[in-house]
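Visitor: Right, I'll just put the structure down here and ask away after.
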Amino acid sequence: MLLADMGADVIKVEPPGGEPDRSIGPYYHDESNPERSLFWFAYNRNKRGVTLDIETAKGRDIFKRLVKTADMVIETFNPGYMSSLGLGYDDLAKINPGVIMVSISDWGQTGPYVDKGYKADQMILWAMGGEMYLAGDPDRAPLQISFPQPYFHAAAQAAVGSLVALYYREATGEGQHVDVSIQACLPSINLNATSYYELEGLIMSRGAQKTGRPRVDGKILPNKNLWRCKDGYVIGNVVGGSIAALLQSSKALTAWMKEEGMAGDLVDIDWANLDSEKVEPNFMLHIHEQVANFIKTKTVAEFYDEAIKRRMTFASVNDPHHIATSPQLRARGFFVSIEHPELDDKLTYLGPLAKFSATPLKRWFRSPLIGEHNEEIYEEELGMPKQEVSALQAAGVI
Amino acid sequence: MGKQVFSGLKVFDLTTSGVGPITTEHLAAYGATVVRVETSIVPCTTRGMAPHKDLVRHPDWSAVPMLYNKNKYAITLNLTTPKGLEIAWKFVKWCDVIGECFTSGVMAKFGLDYESVKKVRPDIVYFSFNAQGQDGPHSHWRGYGSQMSALAGHYHFLGWPDREPSGIYGAYNDFVGPRFSGAALIAALIYKRRTGKGQYIDGSQFEAGSMFTAPMVMDYLVNDRIQTRCGNRVPNAAPHNAYPCTGSDRWVAIAVTSDEEWEGFKDVLGRPEWTAGSKFETLFTRKTNEEELDKLVGEWTRNHSAEEVMKLMQQAGVPAGVVLTAPDLLDDPQLRHRGYYVKIDGHPHVGTSFHHDGRQEALSKTPAEFHRAYGPMGRDNEFVYKEIIGLSDDEIADCVVDGVFD
């Protein structure tokens, strides 16, 4: 999608009948139908689509013809599957030495988990990437993000890797194989958990996110960054110390609370010299209680808007509605409207990954219907005769 | 070190904190010459973060700056001094890429915004990747990765339906953004290679992060529905959760996503009575009785180690994985096979006392190489100011005295 958004001609090759991803909800008006999946729409805009059964010999022939003129081939099959069909990197490089093959798989193309055939879904990968242990509440099971993330991380990282390979190809004409492991895309998200363990012997776990510090002797040091509002939540740290932005934020919050007569003894705090780790835990709890009592008198919008004005480092905990109606995203032109003639509707999408001054992302069209571009690509571009295409369609090759 | 993909590419890196540095690190990992500017006037937040070697709480002993700036030159430069600005312009003339992630207006304040730079270097590739973009009512907002995660919707979607959001350790969105900014930047470099044209890239971490919750936002826009967090549950699988095992805070994640896997799951448990009968026979009935199902599964896993459950389940064709901790990650055989954790020499105090995160993608012909750890602040001042900028020893001494390298 990222490459397509930036102008690449991306041809989605699906098995006849369409890809399984088309069965991922939510659906347009809850119509459970492979041409109605919002998930599919969101991540497949700006692509053309053909159907092809690469498990047939004729299907593989057609595939190879497409590879001949392709810059990249992107696949997410189990390691070894493409090779077993004679479509592995070495095979494709013979057809097109400049081709870049991008393979995204759970563990990578090789290794002990691949040899053992270990299976995973996104939750398993999240667990094996070290992220699950760091998410959730201390008194319950560790968690995944309910809208699972690992595939997205790997996909976006694959875009980076494939563009590095393309940059190299521009200079040398040589392609290569880009091997992306979904598991390997996750550990660095833990920021510093492994180095924390190696250098200080402390193991971060869920609960540490509320303090930025690990549990010490089974106790979580008091800090707090989630605050309840009238109609939702905001997140922000109320700490002292030497980091300029946080210091300014705590001072601004105190000033605001003072204006409304709710600051109490917070006005006496010397924020610059307050080390929340060294000060009495009860004192931090006292500060948090006062702040919590203040914040809960505001709505999310009221608090967030004012926080921005006063340069406080707080953010609203946005749900999908907040994102969709964000004045900032709307002002930025982040939402694009794309026609869906079959639905007689125009849908709003989350749009450009960035604003480019010389190459703005201006081309937006909806994701392909199943086999929508079979004629365009097989007949017009590959020059296959209409009868042949029809016959292959009837035989289930296309 | 032989020729790499970005060998010879020169980057003037003014990024701070997480997202910006990780973006330019894509280039450094593949051979670019990246000069990263820090200043003691406003130290990078990572310099104040734990962990530190030997618990020495000093900016030069912190591991986090090293994690995000592998292979880069570390210099200090004080842009509030006239000489500092003069030197900045020498970097502008030297480099191919400029990167920054300040709130909008900061670079303009120094006269180093894209429009100003373009006059001297029309071919420059200049990226800005801050929290909310260069324009819009919130463009001057300051915040951190965990807060970006809140804006992008990740926070809302993490936790239990009967509780406030749980949160996740770390600055989650900081690791979403750089994948997008990296792709945008390298695409712009390819465009420049083909056409000779540079350009300005204006990215927003809020926007990038939202891409990972896009279908949920579309569900609201199209269906007027606001979905929310639901623990570990998913619509199409049960059991699907993390279950407690022997030991302290040890868990295994199990996902039964098909009838076949349910059969394998039952086999592993030895087909206890509760798995027979209609109550848990189909996905639908298991979802209906999911709370009870989770309880029963947990009663079994409680008597086994996480490693054992994973092994038995995988052998029976059921997806399962240990909920790995940091020490587990360092020992994971698959990550080890990929050479994921690397020790990098070059830091005078910290040395190779911890492992860096390496690359997530492996390029077969032009792999990333990590040849030098990122240094204490200003570690490379002498080399960079002499060899790249061409200052004499006397000039350098004067700059030090005048606070130009603060």
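The values are calculated or read from the model by the stated rules, or taken from the named source; none is laboratory data. The structure presented is a predicted model; accordingly, all values stated were derived computationally and were not measured. Positions of Cβ are backbone-derived with ideal geometry, glycine not excepted, and every protein chain shown enters the neighbour counts.
Visitor: Restricting attention to segment B:163-202, and to residues there that are more than 23 Å from A:R332 (Cα to Cα) and of a type in the set (V, I, T), which single residue is surrounded by the fewest Cβ atoms within 10 Å (Cβ to Cβ)?
Guide: B:T195
Visitor: Which of (1) within 23 Å of A:T313 (Cβ to Cβ); (2) outside any loop (DSSP other than H, G, I, E, B) does B:S17 not meet, given it meets every other one?
Guide: Just one mismatch for B:S17, condition (2).
Visitor: Within segment A:136-146, can you find the residues that are surrounded by fewer than 24 Cβ atoms within 10 Å (Cβ to Cβ) and in contact with a Phe, Trp or Tyr (Cβ under 9 Å, 6 or more places away or on another chain)?
Guide: First, the residues of segment A:136-146 that are surrounded by fewer than 24 Cβ atoms within 10 Å (Cβ to Cβ): A:137-141, A:146.
Selection gives A:D137, A:R140, A:A141, A:S146.
Visitor: Ok, one more. Can you tell me which residue within segment A:15-40, out of those that are of a type outside the set (S, T, N, Q), more than 21 Å from the chain's Cα centre (by Cα) and away from chain B (no Cβ under 11 Å), is nearest to A:Y349 (Cα to Cα)? Break it down into steps so the answer makes sense when it comes.
Guide: Start the filter on segment A:15-40 by keeping residues that are of a type outside the set (S, T, N, Q), which leaves A:15-22, A:24-31, A:34-36, A:38-40.
Next, only the ones that are more than 21 Å from the chain's Cα centre (by Cα) stay: A:15-18, A:28-31, A:34-36.
In the following step, the residues that additionally are away from chain B (no Cβ under 11 Å) were identified as A:15-18, A:34-35.
On the way: A:P15: 26, A:P16: 27, A:G17: 25, A:G18: 22, A:P34: 19, A:E35: 16 Å.
Residue satisfying both the conditions and the ranking: A:E35.
Visitor: In addition: Hey, any hits in segment A:14-31 for a residue that's surrounded by 21 or more Cβ atoms within 10 Å (Cβ to Cβ), of a type in the set (A, V, I, L, M) and under 28 Å from A:V336 (Cα atoms)?
Guide: Checked segment A:14-31: no residue is surrounded by 21 or more Cβ atoms within 10 Å (Cβ to Cβ), of a type in the set (A, V, I, L, M) and under 28 Å from A:V336 (Cα atoms).
Visitor: Could you list, in sequence order, all residues of segment B:308-335 that are in contact with a strand residue (DSSP E or B) (Cβ under 7 Å, 6 or more places away or on another chain) and free of Cβ contacts under 8 Å to residues at least 40 places away in the same chain?
Guide: Once the filter is applied, which keeps residues that are in contact with a strand residue (DSSP E or B) (Cβ under 7 Å, 6 or more places away or on another chain) and free of Cβ contacts under 8 Å to residues at least 40 places away in the same chain, segment B:308-335 yields B:Q314, B:D328, B:L330, B:L335.
Visitor: Say we look at segment A:41-58 and pick out the residues that are in contact with a helix residue (DSSP H, G or I) (Cβ under 6 Å, 6 or more places away or on another chain) and not polar (S, T, N, Q); which of these is nearest to the other protein chains (Cβ to nearest Cβ)?
Guide: Just the residues of segment A:41-58 that are in contact with a helix residue (DSSP H, G or I) (Cβ under 6 Å, 6 or more places away or on another chain), to begin with: A:42, A:46-47, A:50, A:52-54.
Retained after the next criterion (residues that are not polar (S, T, N, Q)): A:42, A:47, A:50, A:52-54.
Details: A:A42: 4, A:K47: 15, A:V50: 24, A:L52: 25, A:D53: 22, A:I54: 22 Å.
Of everything passing the filter in segment A:41-58, A:A42 is nearest to the other protein chains (Cβ to nearest Cβ).
Visitor: Would you point out which residue out of B:S305, B:S353, B:S364 is among the hydroxyl-bearing types (S, T, Y) and either out of contact with any strand residue (DSSP E or B) (no Cβ under 9 Å at 6 or more places or on another chain) or crowded, with 23+ Cβ neighbours inside 10 Å (or both)?
Guide: Values: B:S305 fails: either out of contact with any strand residue (DSSP E or B) (no Cβ under 9 Å at 6 or more places or on another chain) or crowded, with 23+ Cβ neighbours inside 10 Å (or both); B:S364 fails: either out of contact with any strand residue (DSSP E or B) (no Cβ under 9 Å at 6 or more places or on another chain) or crowded, with 23+ Cβ neighbours inside 10 Å (or both).
None of the others qualify; the one that does is B:S353.
Visitor: Take segment B:354-378 and flag every residue that is modelled with pLDDT of 95 or more, assigned to a loop (DSSP other than H, G, I, E, B) and within 20 Å of B:D54 (Cα to Cα).
Guide: Hits for segment B:354-378 are B:F354, B:H355, B:A373, B:Y374, B:P376, B:M377.
Visitor: I would also like to ask the following. Tally the residues that are over 22 Å from B:I22 (Cα atoms) and either facing chain B (nearest Cβ under 7 Å) or at pLDDT below 95 (or both), restricting the search to segment A:115-161. Walk me through it before giving the result.
Guide: Start the filter on segment A:115-161 by keeping residues that are over 22 Å from B:I22 (Cα atoms), which leaves A:115-125, A:127-128, A:132-133, A:135-148.
From what's left, either facing chain B (nearest Cβ under 7 Å) or at pLDDT below 95 (or both): A:116, A:118-121, A:123-124, A:127-128, A:132-133, A:135-147.
Final tally of qualifying residues: 24.
Visitor: Next question. Residue check: is A:E306 farther than 30 Å from A:R366 by Cβ, away from every other protein chain (no Cβ under 14 Å) and of a type in the set (D, E, K, R)?
Guide: Spelling it out, it is not the case that A:E306 is farther than 30 Å from A:R366 by Cβ, away from every other protein chain (no Cβ under 14 Å) and of a type in the set (D, E, K, R).
Visitor: A further question on this structure: In segment A:330-364, how many residues are in a helix (DSSP H, G or I) and more than 7 Å from every other protein chain (Cβ to nearest Cβ)? If you could, list the steps in order and put the result at the bottom.
Guide: First pass over segment A:330-364, keeping only residues in a helix (DSSP H, G or I): A:330-331, A:341-343.
Now restrict to residues that are more than 7 Å from every other protein chain (Cβ to nearest Cβ): A:330, A:341-343.
Final tally of qualifying residues: 4.
Visitor: Continuing with this model, one more query. Select from segment A:266-285 the residues that are assigned to a helix (DSSP H, G or I) and touching a helix residue (DSSP H, G or I) at 6+ places or on another chain (Cβ under 8 Å) and list them in ascending order. Explain how you work it out, then say what you get.
Guide: Applying the first criterion (assigned to a helix (DSSP H, G or I)) to segment A:266-285 yields A:266-268, A:271-273, A:281-285.
The answer is A:L266, A:V267, A:W271, A:A272.
Visitor: Report yes if some residue within segment B:302-310 is within 20 Å of A:Y118 (Cα to Cα), part of a loop (DSSP other than H, G, I, E, B) and either at pLDDT 95 or above or more than 10 Å from chain A (Cβ to nearest Cβ) (or both); otherwise report no.
Guide: If we filter segment B:302-310 for residues that are within 20 Å of A:Y118 (Cα to Cα), which is where we start, we get B:304-310.
So of that shortlist, the ones also part of a loop (DSSP other than H, G, I, E, B) come out as B:304-305.
Imposing the further condition that a residue be either at pLDDT 95 or above or more than 10 Å from chain A (Cβ to nearest Cβ) (or both) reduces the set to B:304-305.
Checked against the condition, which is being within 20 Å of A:Y118 (Cα to Cα), part of a loop (DSSP other than H, G, I, E, B) and either at pLDDT 95 or above or more than 10 Å from chain A (Cβ to nearest Cβ) (or both), segment B:302-310 yields at least one hit.
Visitor: Something else: Here are some conditions: (1) assigned to a loop (DSSP other than H, G, I, E, B); (2) more than 12 Å from every other protein chain (Cβ to nearest Cβ); (3) in contact with a Pro (Cβ under 8 Å, 6 or more places away or on another chain). B:T80 meets all but one. Which one does it not meet?
Guide: Exception for B:T80: condition (3).
Condition check ((1) within 35 Å of the chain's Cα centre (by Cα); (2) at pLDDT 95 or above; (3) closer than 26 Å to B:G203 by Cα) across all residues:
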{"position": "A:I235", "(1), (2), (3)": "yes, no, yes"}
{"position": "A:L247", "(1), (2), (3)": "yes, no, no"}
{"position": "A:A263", "(1), (2), (3)": "no, no, no"}
{"position": "A:L266", "(1), (2), (3)": "no, no, no"}
{"position": "A:A307", "(1), (2), (3)": "yes, no, yes"}
{"position": "A:P320", "(1), (2), (3)": "yes, yes, yes"}
{"position": "A:L329", "(1), (2), (3)": "yes, yes, yes"}
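Visitor: Here's something else I'd like to know. For segment B:228-237, check the following and say yes or no: at least one residue is modelled with pLDDT of 95 or more and more than 26 Å from A:G207 (Cα to Cα).
Guide: Yes.
Visitor: Check segment B:318-331 and report whether any residue there is on the phi > 0 side of the Ramachandran plot and either in contact with a helix residue (DSSP H, G or I) (Cβ under 7 Å, 6 or more places away or on another chain) or assigned to a loop (DSSP other than H, G, I, E, B) (or both). Can you show your working first?
Guide: We begin by selecting, within segment B:318-331, every residue on the phi > 0 side of the Ramachandran plot; these are none.
Checked segment B:318-331: no residue is on the phi > 0 side of the Ramachandran plot and either in contact with a helix residue (DSSP H, G or I) (Cβ under 7 Å, 6 or more places away or on another chain) or assigned to a loop (DSSP other than H, G, I, E, B) (or both).
Visitor: Applying the selection to segment B:341-362, what residues are closer than 24 Å to A:A165 by Cβ and either out of contact with any Gly (no Cβ under 6 Å at 6 or more places or on another chain) or more than 7 Å from every other protein chain (Cβ to nearest Cβ) (or both)? If you could, list the steps in order and put the result at the bottom.
Guide: Keep residues of segment B:341-362 that are closer than 24 Å to A:A165 by Cβ, which gives B:341-342, B:344, B:356-362.
Matches in segment B:341-362: B:Y341, B:V342, B:I344, B:H356, B:D357, B:G358, B:R359, B:Q360, B:A362.
Visitor: Right, something else. For segment B:140-249, list the helices (runs of 4 or more DSSP H) that sit wholly inside it and hold at least 1 residues that are under 30 Å from B:M49 (Cβ atoms) and facing chain A (nearest Cβ under 7 Å); which are they?
Guide: Values: elements: B:145-151, B:177-195, B:205-210, B:214-223.
Per the criteria, B:145-151, B:177-195, B:205-210.
Visitor: Please work out which one of (1) surrounded by 24 or more Cβ atoms within 10 Å (Cβ to Cβ); (2) under 22 Å from the mean Cα position of the chain (by Cα); (3) at pLDDT 95 or above is the condition B:M216 fails and give its number.
Guide: For B:M216, the failing item is (2).
Visitor: Please specify each residue of segment A:295-329 satisfying the condition of being assigned to a loop (DSSP other than H, G, I, E, B) and without any contact (Cβ under 8 Å) to a residue 40 or more places away in the chain. Full working, then the answer.
Guide: First, pick out the residues of segment A:295-329 that are assigned to a loop (DSSP other than H, G, I, E, B): A:296-299, A:310-313, A:317-319, A:325-326.
A:N318, A:T325, A:S326 - these are the residues of segment A:295-329 that are assigned to a loop (DSSP other than H, G, I, E, B) and without any contact (Cβ under 8 Å) to a residue 40 or more places away in the chain.
Visitor: Ok, one more. Do you know which residues across segment A:177-191 are facing chain B (nearest Cβ under 7 Å), in contact (Cβ under 8 Å) with a residue 12 or more places away in the chain and surrounded by 23 or more Cβ atoms within 10 Å (Cβ to Cβ)?
Guide: Applying the first criterion (facing chain B (nearest Cβ under 7 Å)) to segment A:177-191 yields A:177-181, A:183-185, A:187-191.
Subset that is in contact (Cβ under 8 Å) with a residue 12 or more places away in the chain: A:177-181, A:183-185, A:187, A:189-190.
Selection gives A:V178, A:D179, A:V180, A:S181, A:Q183, A:A184, A:C185, A:P187, A:I189, A:N190.
Visitor: When A:E170 is evaluated against the numbered criteria (1) facing chain B (nearest Cβ under 7 Å); (2) within 27 Å of A:D91 (Cα to Cα); (3) touching a residue at least 40 places away in the same chain (Cβ under 8 Å), which criterion, by number, is the only one it fails?
Guide: Here A:E170 clears every test but (3).
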